[in-house]
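J.: Here's a structure for you.
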Amino acid sequence: MELDALYQEVILDHYKNPHHKNLNSSYTCQVHHTNPSCGDEITLNLDLDKDLVKDITWDGVGCSISQASASIMSTLMVGKSISQTQLILDNFTSMMQSKGKEKGDENLLEDGVALAGVSKFPARIKCALLSWMAFKDALSQSLELQK
Ligand code: ZN
């Protein structure tokens, strides 16, 4: 897999020093997602305060793409409103499905644009999306709980 060198460095950096890793005991909703085709696993705790993502903590095993992506995603989403997280989620998902055509909106995705190149490799897209889908699931379950 060939990725831009600068982007590779961003991914490796998140992989080696993952942000928000280690599960916090207080949370609104906990989910566990797996990507059997690669062996990636993530447990994600989402702590929601009304309309605000108060905290995300996670623990996981798997390839560098999946682990770096979880670090990037949680860094982005913490402190955001639910509507902001939806914009970010939509932009990232669309980029990952673009087969390398979309570079992603750097204002929205920040370090997340480093994963744009992964969308050219169908086998790895699920690795990059795993934590994002876990977040999406935790968010919708949390909103159900708040009703
Ligand atoms: Zn993987």
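The values are calculated or read from the model by the stated rules, or taken from the named source; none is laboratory data. Since the structure is predicted, the reported quantities are computational estimates derived from the model, not experimental observations. Every residue, glycine among them, receives a Cβ derived from its backbone with ideal geometry; neighbour counts consider all protein chains shown. Side chains included, ligands, DNA and RNA excluded: accessible areas come from the protein's heavy atoms. Shrake-Rupley method; radii C 1.70, N 1.55, O 1.52, S 1.80 Å.
J.: For the stretch 2-146, what does the relative contact order come out to in percent, with C-alpha contacts under 8 Å and a separation of six or more? List each step's numbers first, then the result.
T.: Details: 254 pairs, mean separation 39.0, N = 145.
Relative CO of the stretch 2-146 lands at 27 percent.
J.: Right, next: With springs only between Cα atoms under 10 Å, which of D105, D40, D51 fluctuates most in a Gaussian network model of the chain?
T.: D51
J.: Check each of the trypsin sites (Lys or Arg not before Pro) in the stretch 1-88 and keep only those in coil by DSSP with at most 11 other C-beta atoms within 10 angstrom; list them in order.
T.: Values: sites: K16, K21, K50, K54, K80; in loops: K50, K80.
Taking the stretch 1-88 and a limit of 11 other Cβ atoms within 10 Å, the loop trypsin sites (Lys or Arg not before Pro) found are K50.
J.: Among rounded, prolate and oblate, which fits the stretch 32-80 when a ≥ b ≥ c are the square roots of the eigenvalues of its C-alpha gyration tensor, a/c under 1.5 means rounded, and a/b larger than b/c means prolate?
T.: Values: a/c = 3.39, a/b = 2.08, b/c = 1.63.
Note, shape of the stretch 32-80 comes out prolate.
J.: Would you mind working out the accessible area per residue for the chain, using a 1.4 Å probe, and quoting it in Å²? Can you show the working numbers first?
T.: Working: 7540 Å² over 147 residues.
About 51 Å² of surface per residue is accessible.
J.: Next question. Specify which residue in the list I125, G62, L76 is farthest towards the positive end of the charge dipole of the chain, using unit charges on the beta carbon of Lys, Arg (+1) and Asp, Glu (-1), about the Cα centre.
T.: I125
J.: Quick one: among G117, G104, G62, which has the greatest mean-square fluctuation in a GNM of the chain with alpha-carbon springs under 10 angstrom?
T.: G62
J.: Provide, as a two-decimal number, the C-alpha radius of gyration of the chain over 2.2 N^0.38 Å, N being how many residues it has. Please list the in-between numbers first.
T.: Details: Rg = 14.2 Å, N = 147, 2.2 N^0.38 = 14.7 Å.
Taking the Cα Rg and dividing by 2.2 N^0.38 Å, one obtains 0.97.
J.: Please give every one of the aspartates and glutamates within straight-line cross-link reach of K16, meaning a C-alpha to C-alpha distance under 20 Å, and leave out same-chain neighbours fewer than 8 residues apart.
T.: Output for K16: E2, D4, D40, E41, D59, E110, D111.
J.: When the dipole is taken about the Cα centre of the chain, and only Lys, Arg (+1) and Asp, Glu (-1) are charged at their Cβ, what size is it in debye, to the nearest 20? Walk me through the intermediate numbers first.
T.: On the way: 13 positive and 19 negative charges, 60 e Å.
That gives a dipole near 280 debye.
J.: Between C127, C29, C38, which gets the highest mean-square fluctuation from a Gaussian network model of the chain, Cα cutoff 10 Å?
T.: Result for the chain, Cα springs under 10 Å: C38 fluctuates most.
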